[in-house]
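To start, the structure under review is shown below, and the notes come after it.
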Amino acid sequence: MKSEPDWQHGLAGRVLVTGASGLLGRELSLRIARPGVRLSLWGRNPFRLTEVATQCREAGAEVEICALDISNPHAAISALCVQDDADPFSLALLVAGLGDTLSPGAVVEGPAQVIRLAQTNFVAPAAMASFLAERMVQRGKGRIGLVGTAAAAHSLPFAASYSGSKAGLARFADALRLAVRNSGVSVTLISPGFFGPGGQDDEVRSRPGEIAASVVAEQMIAAVVRGKPELVVPRRFLALRWFDRLLPRPLRDRLLLSLRLP
Ligand SMILES: NC(=O)c1ccc[n+]([C@@H]2O[C@H](COP(=O)([O-])OP(=O)(O)OC[C@H]3O[C@@H](n4cnc5c(N)ncnc54)[C@H](OP(=O)(O)O)[C@@H]3O)[C@@H](O)[C@H]2O)c1
């Protein structure tokens, strides 16, 4: 019989997953679902949320869904407040995010796109994490995981809003982690490279270095439950981050300008 990974013992109580109707959020929800876990699944698409909820209930979890657009951060915080008042969260995985890029032929992204990505990828998850961290500190325990991207370490000219908003989130997550240290609360930043659908251990190669979402989900849950500061997956993106930092700027600029949309 296959033994359970040791981090699974840390999974219990009330768990929030935003972006649960998407690829990674679904993978995470299905892995966490079990008897004794009460899941709150957030997303916009109620049909896909219902599908995921049904599968999680079949695995023994209690599930509620919340179809809500978090690009309105005030609505997101109100909903979070109501849910946390009713049944406090012990674990929150803030996964929802948007990955838009430059339109064909455009030189820069329009302001509407910049605002949409900033609200969804930075403002809402940062405000939600802050809200939850404050309450978790009062309760003396809690785990928060925020999904950024490996791209946050690079100034991508064709995805300035994406890399910029996620870079903001990365800095925020690190600062929040330090602010709540020694309180029983942990904040983990997840910085994945490309991932897509595909079975466990499959390397899916439609985009550079793309791995299966199941691999990211497995490692993410373990990192958050253990309270690690950051998970970079695959690890080779750490080397790329240092390469970007250490390269002389003219050389780095030339390299970044040579990148094309995958
Ligand atoms: N896929 C990759 O290669 C990759 C690489 C690095 C980082 N990431 C990050 O990983 C996270 C998950 O990616 P994924 O590939 O699983 O994405 P996905 O399949 O497109 O799912 C995105 C999820 O976020 C939700 N969402 C998007 N905008 C929202 C909004 N305004 N309000 C509420 N929910 C919203 C979506 O809800 P609906 O579908 O219901 O609208 C969906 O559940 C994202 O933060 C992404 O930036 C992805």
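The values are calculated or read from the model by the stated rules, or taken from the named source; none is laboratory data. Model, not experiment: these values are computed from the prediction. Cβ: placed from backbone, ideal geometry, glycine included. Neighbour counts: every protein chain shown. Each accessible area value is taken on the protein alone, full model and side chains, heavy atoms only, with ligands, DNA and RNA left out. Shrake-Rupley method; radii C 1.70, N 1.55, O 1.52, S 1.80 Å.
In table form, for the structure just shown:
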item: Qualifying position, being among the β-branched types (Val, Ile, Thr) and either open to solvent by 30 Å² or more (accessible area, probe 1.4 Å) or within 30 Å of Leu251 (Cβ to Cβ) (or both), among Ile190, Ile144, Ile221; result: Ile190
item: Odd one out for Val37, checked against (1) farther than 27 Å from Arg116 by Cα; (2) within 16 Å of the ligand (Cβ to nearest atom); (3) touching a Cys at 6+ places or on another chain (Cβ under 9 Å); result: (2)
item: Number of positions in the stretch 90-108 that are touching a Leu at 6+ places or on another chain (Cβ under 8 Å) and farther than 22 Å from Gly193 by Cα; result: 2
item: Residue within the stretch 103-116 that is over 22 Å from Thr188 (Cβ atoms) and either surrounded by 19 or more Cβ atoms within 10 Å (Cβ to Cβ) or under 13 Å from the mean Cα position of the chain (by Cα) (or both) present; result: yes
item: Qualifying residue in the stretch 233-254 (condition: open to solvent by less than 60 Å² (accessible area, probe 1.4 Å), in a strand (DSSP E or B) and modelled with pLDDT of 95 or more); result: yes
item: Within the stretch 56-77, tally of residues that are over 20 Å from the mean Cα position of the chain (by Cα) and open to solvent by 70 Å² or more (accessible area, probe 1.4 Å); result: 3
